[in-house]
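A short reminder: the numbers here are calculations on the coordinates, not readings from a lab. Computed from a prediction, not measured in an experiment: that's the story for all the values here. Every residue, glycine among them, receives a Cβ derived from its backbone with ideal geometry; neighbour counts consider all protein chains shown.
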There are 4 protein chains.
Amino acid sequence: MSQTIPVPSVPAPDILRCAYMELVVTDLKKSRDFYVDVLDLQVTEEDENTVYLRSMEEFIHHNLILRQGPIAAVAAFSYRVRSPEDVDAAEAYYRELGCPVVRKKEGFVAGIGDSVRVQDPLGFPYEFFYEVDHVERLAWRYDLYSPGALVRIDHFNQVTPDVPKAVNYMENLGFRVTEDIQDDEGTVYAAWMRRKPTVHDTAMTGGDGPRMHHVAFATHEKHNILAICDKLGALRLSDAIERGPGRHGVSNAFYLYLRDPDGHRIEIYTQDYYTGDPDNPRVTWDVHDNQRRDWWGNPVVPSWYTDASTVLDLEGNPVSLTQRTDDSEMDVTIGADGFSYTRREDAESDFGAHSGADDGEDEFKLGHQL
Amino acid sequence: MSQTIPVPSVPAPDILRCAYMELVVTDLKKSRDFYVDVLDLQVTEEDENTVYLRSMEEFIHHNLILRQGPIAAVAAFSYRVRSPEDVDAAEAYYRELGCPVVRKKEGFVAGIGDSVRVQDPLGFPYEFFYEVDHVERLAWRYDLYSPGALVRIDHFNQVTPDVPKAVNYMENLGFRVTEDIQDDEGTVYAAWMRRKPTVHDTAMTGGDGPRMHHVAFATHEKHNILAICDKLGALRLSDAIERGPGRHGVSNAFYLYLRDPDGHRIEIYTQDYYTGDPDNPRVTWDVHDNQRRDWWGNPVVPSWYTDASTVLDLEGNPVSLTQRTDDSEMDVTIGADGFSYTRREDAESDFGAHSGADDGEDEFKLGHQL
Amino acid sequence: MSQTIPVPSVPAPDILRCAYMELVVTDLKKSRDFYVDVLDLQVTEEDENTVYLRSMEEFIHHNLILRQGPIAAVAAFSYRVRSPEDVDAAEAYYRELGCPVVRKKEGFVAGIGDSVRVQDPLGFPYEFFYEVDHVERLAWRYDLYSPGALVRIDHFNQVTPDVPKAVNYMENLGFRVTEDIQDDEGTVYAAWMRRKPTVHDTAMTGGDGPRMHHVAFATHEKHNILAICDKLGALRLSDAIERGPGRHGVSNAFYLYLRDPDGHRIEIYTQDYYTGDPDNPRVTWDVHDNQRRDWWGNPVVPSWYTDASTVLDLEGNPVSLTQRTDDSEMDVTIGADGFSYTRREDAESDFGAHSGADDGEDEFKLGHQL
Amino acid sequence: MSQTIPVPSVPAPDILRCAYMELVVTDLKKSRDFYVDVLDLQVTEEDENTVYLRSMEEFIHHNLILRQGPIAAVAAFSYRVRSPEDVDAAEAYYRELGCPVVRKKEGFVAGIGDSVRVQDPLGFPYEFFYEVDHVERLAWRYDLYSPGALVRIDHFNQVTPDVPKAVNYMENLGFRVTEDIQDDEGTVYAAWMRRKPTVHDTAMTGGDGPRMHHVAFATHEKHNILAICDKLGALRLSDAIERGPGRHGVSNAFYLYLRDPDGHRIEIYTQDYYTGDPDNPRVTWDVHDNQRRDWWGNPVVPSWYTDASTVLDLEGNPVSLTQRTDDSEMDVTIGADGFSYTRREDAESDFGAHSGADDGEDEFKLGHQL
């Protein structure tokens, strides 16, 4: 059904890692309060329209940009590449794909040099750069750590209607799938892909897209994530917690999802595993497995499935959405037409009966209520 | 409306702490698997009908008894008193109250000597003892610790229809209230009471009673509680997790609620605070404060409000229930007739509108959906 | 040899807990930097000569006073008693003992009302009070927590030449011994005593005295203690770390010892166990057991044994020292005349040979080098 | 002075990561007890002479081999390469270097296929392989985790007399230096080098060599390392703890060093940082900085500097040692001819005086005593 994105004849750029996201926010002061005063990201540089933030272990200029703008959106998913030549390679790669491409030798934002921005075949604003200002790596600056200190940017997560098409495109770009969620009919609901040897640099989540699902920052330990929740409670901002904290099935990481003042979703994440071997075994989860998204079987709140951020094209206009036509993960797992199981064998003995949710009560905890 | 329980002329026994609960379970092997193999409680002694369990830091014979029986129920909430004479005092106290009282010099269960069991004025089977076999305190036996090791019994929680009446009775028995949940009209939804200087040895939760809401064990740290969740996931028993993990508002402790194979509710709990000064300030929470039960504002699952265990009288028969006539906490906080707020000032500006749930969406996260 | 301290005919005051210490410091700014900026104790009140500090979970006015003075010393070990009448009881008790006693209805320091200070029979400046200003318990103020947040005052530790004499006096005052260190000849090297049901409110450590060995504050978890070390490293103040972090054998707690700018020793401490039952089993450690002071067998630095703070009498003059005549713990465990073992059975097979340190190398890690 | 190792004309193999170490042990049962019963490594396969062990997150056959043999030694430092062709590349690379080389298509040990072993120019037995049996990644098997669970092999550490020579050789082999220890005269005492993007896959430590300093396994969190110490205490094996736990300056990781029954040194390690960018800033530590090896300034025990394991040549014979002629890190930092500082500015004001240790007392904590 979906048309495959062609493979350019020129080599893909050698991507190191997801490096930063540029967020457009509608009230810069409120957003700064959230990211700096609540989440304790470190300010590298700021002016009246823009705040450049980094995590404790970062040595490049920033991992997150907050830029004042008219509507909440994502202006760039930015990847660092291995060399200056890889910026050339990225430009050539996307030009051959026929995408909108803008190259700026002086960079699009402070702290970053020669860069190329493209609107990729899935509609996302991707950036590739090598040149960057080095700043102090604050890893040893324990005098600056807060109880919930964010130490690294970990990954992006993108919403796109056709996950297999997106995966194929990303694999050509050099990414490797580490985990995914499917059903027995082969529908793919989401896939996790990496360049650096963690579970992902980005994931593709099935839904109307292109949209940005979340950007994730890592902490050292699980208690750091709990401390963020505790602080949000103390500040009477607990409604910024959308989902979690919990343990993911996929990735095995400990997680928390927050919504910033504009509704942009932020994940706080810790302790996935090494995936750097080329034969790293892919983990495929059954979409009906109630532990796939939360290993403890806690329910996924509907907004987590339905909400995501607008992305901008290279002129700064919102990219219009394409609807997902494959099944929706929410629909097949909860509600009248879905089911989830804790123990597959329990579910299998019941499979005949799964025409509705009425008999789903013994199989999982809360999902059927949401 | 409710009749106050009279104050006996004889002194109340000097109670040290909640010491153990005797649970009747319908499948001893399944229950043993849960408490020993999953939760890693330590077996002090067992036979074909009974398993005596203790936590890592305990030096008395047991903190939990599993006894095979025909229906799932609670046979005893057992408190340790300061001296042998306090067992006499307890007997005299409850005899004057006109309660059913049974005294056994040899004890009702293994490991415990001279004891008295009563069915108290609220209908609960309470036990008081001093004599007990000492066993090895396993506190230093780190070779026996599991990642989720339970180190102490912390408290009981009882469901009773009339909380102020229950509190008055317990205060006469020597307990002190540390925290409670009320509304602006003075309805009391729950109260926490202590003998040892923690937030509680038992709590009274408003509902049809007498029933047992839960028994709680403490871990050293929060990660121990997360490890229990992770293990339940690995064993495909995540549906044993009913609520949490999370941070309580009340008590400030980190918590998790599990349901055992019979549905008995177990809390895992860590890090409340010292309450031993006589003028320890009582904390009163507004029932509409969405952070009172979960500091992070995560929703309380309805079963947590509605389900509780049967308690037995001294002949081993289920005690029949008295209905709560005061408002229900669940009803006033979620659903069509309830509301909850994250920020009181937000709620206050809206108070006129709270005739229904339709406009509650901005005020709290998930509660309105449950 | 030692003369027993007589038991007064009047009852001892009912002591709740160790409540605060008054420290005299020689450079208030430096001390404030240490306790406020480094250790993040909370300032309740301050003026040019005095800083009143409390821990996160405290509701009384302070747990530590820093007072500018000519020499580094301890002006008071202060205990809270159960009632106003217990201050009278304390006054009567020490008057009968013939000690210097000063009663001040308005209190000796800000925030505290009617109090009595005594120089006790061991030479220590003890205070007893009930009346105190209540301040906000910051337990829920996670916006104020630092990674190494101190949540409670836990205990004092006092140096005194004759430990059995001191223990006998303290038991008469209502304290109970929870643990001690002895040798096979019955020499007592140290003893831990409690009022509140933790391992101790104070300990008696054998040495030239009276001196103050340390005052201890509790954290919630072990990582909080590690965070304090990390921060001291970042501030290039790691030489404030005297010993640890480590796990105690005695008390089973996790610990760290710091020295403040005047050399006053501060312990950071977490996770001992409940001791509130009257028959709580006393744990006696062999002085030669290399895991008694550090469960991991890490060496105790000599300064930890030899250094302690001067205490002041009620006129503010330093109390002169009485020498310990019993064996010194340091001498019997390390060096030419001492020995320590990891496994008692190893030591026993070698006991004949323990005339010197030369053959001690196989038995323990580092102690013999220090 | 030292002769540089030539650069082969053929390309170096593309090394993924350190993968396993083969240890020769003199009492297999004792070693198995240590690694399996104490450290809870998982047994993949074993027979009467050999035990194959892996960590919780590993999917290849093993990370550690214990093989019964006549003397305690290291038979192989084994690296995984990116492809089967890289094994050929490794063979060609070392053949051109003139090293002893053995290629075995069926592998040298169980679970590993086509491999090449070489005795490299520094004298170490290095192995390179790609083919390996996949086994279950136990990452999600929380039912098998112990409190101190080891989740990954992290790195090797090798003792060699001429660190710059070794670094140059390793850089040609494709490794990148992340951190090192030098003095103002340019003497290099140790260097850390990585292939995977952590601080290291191996380090070169200056000393008589070739010897194996340690092999390191990672835990998820710091409390896991503390739990290992606690368990060793409980088993009365605390003398297996050689150094730590503590925070490294170099690498910023939390660490613990153990000695196994043969004296082989094992590090337990957690939380270093991402180093995968090609311009990752190298951190150079001053050898006199007392926080370089322990961020908290705790002393390094002399055995940690002096002891290391014998390595074997390809015939299984011990490789004879070459003496270090550069300064020794221990000598320049502690003792009569060394000094260490906590604050460089303090040291600088004293530099003239550093002819001896007598005036070193104010500058660091304990080092001068060891």
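The table that follows gives values for the structure above.
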| item | result |
| --- | --- |
| Amide H contacts of B:LEU64 (H built 1.01 Å from N, under 5 Å, at least 5 apart or other chain) | B:MET21, B:LEU53 |
| Averaged over C:275-285, number of beta-carbon atoms from partner chains that fall within 10 Å | 4 |
| Charge dipole magnitude, Cβ of K and R +1, D and E -1 - the protein assembly as shown, Cα centre, debye nearest 20 | 20 debye |
| Helix-only CD estimate at 222 nm, as mean residue ellipticity for chain A, using -39500 (n - 2.57) per DSSP H run (n ≥ 4) | -4500 deg cm²/dmol |
| Relative frequency of Cα-Cα separations exceeding 18 Å in segment B:149-216, percent | 33 percent |
| Vicinal HN-Hα couplings computed from phi for segment C:283-297 (Karplus, 6.51 cos²θ - 1.76 cosθ + 1.60; Hz; Gly/Pro x) | 9, 10, 9, 6, 4, 8, 6, 5, 9, 5, 8, 9, 4, 8, x |
| Built amide H within the under 5 Å cut-off of C:MET56, gap 5+ | C:LEU150, C:VAL151, C:ARG152 |
| Inter-copy separations for B:PRO278, label at 7 Å along Cα-Cβ, nm, ascending | 2.0, 7.6, 7.8 |
| Antiparallel content of DSSP bridges confined to the protein assembly as shown, in %, to 5 | 70 percent |
| Cα-centred dipole magnitude for chain A, charges only on beta-carbon of K, R (+1) and D, E (-1), debye, nearest 20 | 1040 debye |
| For B:ARG195, B:ARG54, order by how many other beta-carbon atoms lie within 10 Å, fewest first | B:ARG195, B:ARG54 |
| Nonlocal amide H pairs with C:GLY249, under 5 Å, H built at 1.01 Å | C:ARG293, C:ASP294, C:TRP295 |
| Coarse-grained scattering of segment D:155-305 at q = 0.13, 0.18, 0.19 Å⁻¹, given as base-10 log I(q)/I(0) from a Debye sum over alpha-carbon atoms | -0.58, -1.12, -1.24 |
| Copies compared at A:ALA110 - label distances in nm, ascending, label defined 7 Å from Cα in the Cβ direction | 4.1, 6.1, 7.2 |
| Charge context of C:LEU226, other residues only, Cβ under 9 angstrom, K/R +1, D/E -1 | +2 |
| Relative pair counts by distance (%), Cα atoms of segment D:1-44, 10 Å bins | 19, 28, 20, 18, 14 |
| Given charges at Cβ of Lys, Arg, Asp, Glu: chain B dipole, positive-most of B:HIS134, B:LEU41, B:THR342 | B:HIS134 |
| Range of Cα positions in segment D:64-113 per principal axis (Å), largest first | 32, 25, 16 |
| Debye log10 I(q)/I(0) for segment A:13-90, one point scatterer per Cα, at q = 0.20, 0.22 Å⁻¹ | -0.87, -0.98 |
| Excluding exposed DSSP-loop GluC sites (Glu not before Pro) (at most 14 other C-beta within 10 Å), longest clean stretch of chain D | D:186-314 |
| At 7 Å out from Cα toward Cβ: B:SER320 inter-copy label distances (nm, ascending) | 7.0, 8.2, 9.7 |
| Exposure proxy ranking, count of Cβ atoms within 10 Å, fewest first, for C:ILE60, A:ILE266 | C:ILE60, A:ILE266 |
| Where only C-alpha atoms are counted, convex hull volume of segment C:15-310 per residue in Å³ | 128 Å³ |
| Net charge of neighbours whose Cβ lies under 12 Å from the Cβ of C:ASP133, counting Lys and Arg as +1 and Asp and Glu as -1 | -4 |
| Descending principal axes extents, the protein assembly as shown, alpha-carbon based, whole Å | 95, 81, 67 |
| Residue pairs, from the table A:LYS222/D:LYS30; A:LYS29/A:LYS231; D:LYS30/D:LYS231; D:LYS165/D:LYS196; B:LYS29/D:LYS30, whose Cα atoms sit over 25 Å apart | A:LYS222/D:LYS30; B:LYS29/D:LYS30 |
| Total charge dipole magnitude, segment C:242-338, about the Cα centre, Cβ charges on Lys, Arg, Asp, Glu only, Debye to nearest 20 | 320 debye |
| Cβ-defined net charge surrounding B:ASP326, 11 Å radius [Lys, Arg +1; Asp, Glu -1] | -4 |
| Under Karplus coefficients 6.51, -1.76 and 1.60, residue-wise ³J(HN,Hα) of segment B:188-205 in Hz, glycine/proline x | 9, 9, 6, 8, 10, 9, 10, 9, 4, x, 10, 5, 6, 9, 8, 10, 10, 10 |
| For segment D:15-310: relative contact order, % (alpha-carbon pairs under 8 angstrom, 6 or more apart) | 17 percent |
| Of all chain A residues, the one whose C-beta is nearest the axis that brings A onto C, in angstrom | A:PRO147, 3 |
